[in-house]
Amino acid sequence: MTESQSHDRTVHPDATVGYAYSDDSTSPVIGDGATIRSGTVIYDDVTIGDDFTTGHGALVREETTIGDDVIVGTNTVIDGQTTIGSHVSMQTNVYVPTNTTIGNRVFVGPAATFTNDPYPIRQSADLEGPTLEDDVSVGANATLLPGVTVGAGSFVAAGAVVTDDVPPETLAVGAPAEIRPLPESLAGGNDL
């Protein structure tokens with residue numbers, strides 16, 4: 001199949017850019033240098049910067065703002081009303097719920113799951129996703145519970161279950177996650 005190219009963008013013909021979810025929604029704004037692969041759906045009312053790349057089957061829902069040089073991996077879901085900074089890499093099968101904030105230079109490993117509902121099914125509550133500050137790395141299969149903040153420069157280990165805030169420049173490991181000093185080999189930020 002051929003791909004359409006305009007404004008220095010490549011959009012696979014099996015991708016949907018501009019899924020109208022209401023009668024008054026507006027087309028998404030996507031910067032230059034985008035590569036949007038097959039099966040990807042980008043809703044209306046989304047703003048994305050330059051050099052955006054998706055894997056296959058990614059979903060970006062309404063009222064999401066994404067910075068420059070962001071990778072949204074295959075089958076990754078961004079469930080809307082979310083803010084994502086620049087130089088962010090989200091690998092395959094990442095789940096980002098409504099009302100999540102992700103800073104700049106953040107890496108999210110495969111199958112990491114963020115949550116936003118403190119009382120699923122049992123009672124009504126405000127939805128509050130996690131906040132990942134700048135230079136955070138989250139390992140594969142990690143789970144972040146509603147409302148937690150992962151401080152700047154921190155690492156969440158693979159498989160960790162983060163139930164409380166993670167201070168800046170620390171390591172969260174285990175289930176539930178314990179906070180440890182950041183090993184020197186990991187100190188000094190993220191090299192995305």
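The values are calculated or read from the model by the stated rules, or taken from the named source; none is laboratory data. Nothing here was measured: the structure is a model prediction, and the numbers come from that model. Neighbour counts are summed over all protein chains in view; Cβ atoms, including those assigned to glycine, are modelled from backbone coordinates with ideal geometry. Ligands, DNA and RNA are excluded from the accessible area calculation, which covers all protein heavy atoms including side chains. Shrake-Rupley method; radii C 1.70, N 1.55, O 1.52, S 1.80 Å.
Which one of GLU178, GLU128, GLU184, GLU133 is within 28 Å of ASP51 (Cβ to Cβ) and either open to solvent by 60 Å² or more (accessible area, probe 1.4 Å) or among the charged types (D, E, K, R) (or both)?
After ruling out the rest, the residue left standing is GLU133.
Hey, could you check the range 1-19 for residues that are modelled with pLDDT under 95 and in contact with a Gly (Cβ under 8 Å, 6 or more places away or on another chain) and say which is surrounded by the most Cβ atoms within 10 Å (Cβ to Cβ)?
ARG9
With (1) out of contact with any Asp or Glu (no Cβ under 7 Å at 6 or more places or on another chain); (2) open to solvent by 40 Å² or more (accessible area, probe 1.4 Å); (3) modelled with pLDDT of 95 or more as the list, and VAL138 as the residue in question, which single condition is left unmet?
Here VAL138 clears every test but (2).
In the range 109-125, which residues are open to solvent by 50 Å² or more (accessible area, probe 1.4 Å) and of a type in the set (Gly, Ala, Ser)?
Once the filter is applied, which keeps residues that are open to solvent by 50 Å² or more (accessible area, probe 1.4 Å) and of a type in the set (Gly, Ala, Ser), the range 109-125 yields only SER124.
If PHE155 satisfies every condition in (1) open to solvent by 10 Å² or more (accessible area, probe 1.4 Å); (2) closer than 21 Å to VAL77 by Cα; (3) within 16 Å of the chain's Cα centre (by Cα) but one, which is the exception?
Here PHE155 meets the rest and fails (2).
Just checking, how many residues over the range 20-58 are open to solvent by 20 Å² or more (accessible area, probe 1.4 Å) and under 17 Å from ASN75 (Cβ atoms)?
9
Output the qualifying pairs, or none if there are none: Cβ atoms under 6 angstrom, residues six or more apart or on different chains, first residue in the range 36-54 and farther than 20 Å from ALA20 by Cβ, second residue open to solvent by 30 Å² or more (accessible area, probe 1.4 Å) and β-branched (Val, Ile, Thr).
THR53/THR35; THR53/ILE71
Provide a single number: the residues in the range 154-178 that are more than 23 Å from PRO110 (Cβ to Cβ) and in contact with a strand residue (DSSP E or B) (Cβ under 6 Å, 6 or more places away or on another chain).
Qualifying residue count, the range 154-178: 1.
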